[in-house]
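**Student:** Next up is a structure, given as structure tokens.
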Amino acid sequence: MKKSLHRLAVGGAIVAQALVLTLGAPVPAGAEPTPKSPATVTTASATPDARFAARVTVKPGWELARIRAYARGDSAIVGEIKPGESWPCSGGCGTVAGGHVTACGTSSDRWYAISYYGYVRYVSATCGTAI
């Protein structure tokens, strides 16, 4: 009985030591997470107050801006923003890089991320503007 208890205690100590060594060991070279690239968010427009914008609306002179499921021109259209309407930005009103699209007479790969009925959706920066 004494020997089995001793073996159990020694086994537990070995497992505990292995756990301490595993959790406290440095990360092997090459296993570190790669640092993220510099932020792709840029200011929403040339106006100084654009960084304080909170919503996205259609650019003046255009009748609508399409809301897409993903930041790509071939993504499904899930809604539209018409003049007088706006949607809140998701994570700031800067633009993010996405798929290239030609819309509203301009070609670009910049998109606004908006909160649309609880989902993050995208509006091309060629048709939308931050307010």
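**Student:** I'd like to verify a number: residues in the stretch 58-72 that are within 20 Å of the chain's Cα centre (by Cα) and part of a strand (DSSP E or B), how many?
**Tutor:** Within the stretch 58-72, residues that are within 20 Å of the chain's Cα centre (by Cα) and part of a strand (DSSP E or B) number 3.
**Student:** Out of the residues in the stretch 111-131 that are of a type in the set (Ser, Thr, Tyr) and part of a strand (DSSP E or B), which is farthest from Tyr70 (Cα to Cα)?
**Tutor:** Within the stretch 111-131, the match that is farthest from Tyr70 (Cα to Cα) is Thr129.
**Student:** For residues in the stretch 89-105 being more than 18 Å from Leu64 (Cβ to Cβ) and of a type outside the set (A, V, I, L, M, F, W, C), which is surrounded by the most Cβ atoms within 10 Å (Cβ to Cβ)?
**Tutor:** Thr95
**Student:** Could you pull out the residue among Ser108, Ser75, Ser37, Ser45 that is surrounded by 16 or more Cβ atoms within 10 Å (Cβ to Cβ) and either assigned to a helix (DSSP H, G or I) or at pLDDT below 90 (or both)?
**Tutor:** That would be Ser45, the only listed residue that is surrounded by 16 or more Cβ atoms within 10 Å (Cβ to Cβ) and either assigned to a helix (DSSP H, G or I) or at pLDDT below 90 (or both).
The values are calculated or read from the model by the stated rules, or taken from the named source; none is laboratory data. It should be emphasised that the depicted structure is a prediction, and the values quoted were computed from it without experimental measurement. Cβ coordinates were reconstructed from backbone atoms using ideal geometry, including for glycine residues, and neighbour counts include every protein chain displayed.
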